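Everything below concerns the one structure shown next.
The values are calculated or read from the model by the stated rules, or taken from the named source; none is laboratory data. Note that the structure is a prediction, hence the values are computed from the model and not measured. Cβ sites come from the backbone with ideal geometry, for glycine too, and all protein chains shown count toward neighbours. All accessible areas refer to the heavy atoms of the entire protein, side chains included, with ligands and DNA or RNA removed. Shrake-Rupley method; radii C 1.70, N 1.55, O 1.52, S 1.80 Å.
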Amino acid sequence: MPRLGSAPRWAAAAGRWGCRLLVLLLFLVPGPGGASEITFELPDNAKQCFYEDITQGTKCTLEFQVITGGHYDVDCRLEDPDGNVLYKEMKKQYDSYTFTASKNGTYKFCFSNEFSTFTHKTVYFDFQVGEDPPLFPSENRVSALTQMESACVSIHEALKSVIDYQTHFRLREAQGRSRAEDLNTRVAYWSSVDTSQSHHMSDSKQSEEISLHGDAVCSSTAEMPAEEQEGVEERPEEDTEEEVFLKFVILHAEEDTGEALRVQSLLENDFGIKPGIIFAEMPCGRQHLQNLDDAVNGSAWTILLLTENFLRDTWCKFQFYSSLMNSVNRQHKYNSVIPMRPLNNPLPRERTPFALRTINALEEESRGFPTQVERIFQESVYRIQQAIWKETRNTVQRQSVA
């Protein structure tokens, strides 16, 4: 059985049709925890398998996504050393599966395109074996992490989240580019067919049609009243709405939109903290990253709604890491990130990410909640941040005009 490398040991077996594996390596650099990522081409009627030696008790994660080809689907199967099936999915576009090795041995996972008769697929997968070692090993330590070490751990976790999102965005970009190129090919084909058919028209008929068309256009313009012509030529531009610097924005999981609206109403109506917004109400049709940047930088405080759904949503993790990094990099954003545990489905303190435990969270169920709100959302702080925001925006506008 062929092997590639020693840590981790990879082997790729050709499918039963003996199709050659075309491997397009995005990066095959085993990390400290044994993580590897590969993008490869899976021909039609083909099957490709990979093997990994895993020690008992090791936690592993397999994540895959079909980038191009057909309906962007593939069969996936994972087996333990005894041949028992741990995971099996048919015609999946993307998925993620986490398991703990029950025994020592070689585990096998395969991707199959045997159900397709003529469509090639491009498949990306990430197989992670074990967990990364701690940034600061605990051996020979008699004290807790220092403030600098804690900051390093937070930045390290934030960068890992950024890398994951960059990978997913690259995959989505590649998938969108593939669809656009396929659509462009179809449009070009039908355009050539339509052009070839139009050549059968006689020159005289074409000239007549063009002449009649030209007369119709000119006459319709000439017969149009002067008032209507002026209206067509000169259309007043719509007045652009002035941007408003918000007092707060609530970042939340998608399942917590209702709870976020309730908290927004509580702060605005009961405490008079206006205006505010929840992330679900950000303008549609724009990228999530642009909306996140506008929300965080266009408000004085960023409220993180800590619920049970918070840790399940990878986008929420990226949001709070980005908010923390923004509060560190911008002086006027210090102490602007406010974790909040609402009444409904709150996230327990012991399960709160380490980077947020150092920040005093708003506890809605506590008696001192009104006092906390008044102490945090001060009008003087809002005015300072609003002035800085306006000056920054005016500077950008002047530079763009220049």
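When restricted to residues that are closer than 15 Å to Glu243 by Cβ and of a type in the set (Phe, Trp, Tyr), the range 373-398 contains 1.
Going by what's in this entry, would Leu311 be described as closer than 20 Å to Ala253 by Cβ, aliphatic (A, V, I, L, M) and under 19 Å from the mean Cα position of the chain (by Cα)? The answer is yes for Leu311. Summed over the range 272-308, the residues that are farther than 17 Å from Val244 by Cβ and over 16 Å from the mean Cα position of the chain (by Cα) give a count of 6. For the range 371-385, give me each residue that is part of a helix (DSSP H, G or I) and over 29 Å from the mean Cα position of the chain (by Cα). Selection gives Thr371, Gln372, Val373, Glu374, Arg375, Ile376, Glu379, Ser380, Val381, Tyr382, Arg383, Ile384. Is it the case that Glu89 is under 28 Å from Arg172 (Cβ atoms), open to solvent by less than 70 Å² (accessible area, probe 1.4 Å) and touching a residue at least 40 places away in the same chain (Cβ under 8 Å)? For Glu89, the condition - under 28 Å from Arg172 (Cβ atoms), open to solvent by less than 70 Å² (accessible area, probe 1.4 Å) and touching a residue at least 40 places away in the same chain (Cβ under 8 Å) - is not met.
Residue by residue, here is whether (1) hydroxyl-bearing (Ser, Thr, Tyr); (2) open to solvent by less than 20 Å² (accessible area, probe 1.4 Å) holds:
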position	(1), (2)
Thr307	yes, yes
Arg312	no, no
Trp315	no, no
Tyr334	yes, no
Gly368	no, no
Arg383	no, no
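Filtered by the rule that a residue be outside any helix (DSSP H, G or I), out of contact with any Lys or Arg (no Cβ under 9 Å at 6 or more places or on another chain) and surrounded by 15 or more Cβ atoms within 10 Å (Cβ to Cβ), the range 247-284 gives Phe248, Val249, Ile250, Leu251, His252, Ile277, Ile278, Met282. Candidates are the residues of the range 113-132 that are under 27 Å from the mean Cα position of the chain (by Cα) and more than 20 Å from Ser178 (Cβ to Cβ); the one that is surrounded by the most Cβ atoms within 10 Å (Cβ to Cβ) is Val129.
Can you tell me which residue is farthest from Lys390 (Cα to Cα) among those in the range 285-313 that are acidic (Asp, Glu) and part of a loop (DSSP other than H, G, I, E, B)? The extreme case among them is Glu308.
Of all residue pairs spaced 6 or more apart or on separate chains, those with beta-carbon atoms under 6 Å, a first member in the range 145-163 that is at pLDDT below 80 and surrounded by 16 or more Cβ atoms within 10 Å (Cβ to Cβ) and a second member that is aromatic (Phe, Trp, Tyr) and not in a loop (DSSP other than H, G, I, E, B) are Ser161/Phe318; Ser161/Tyr321.
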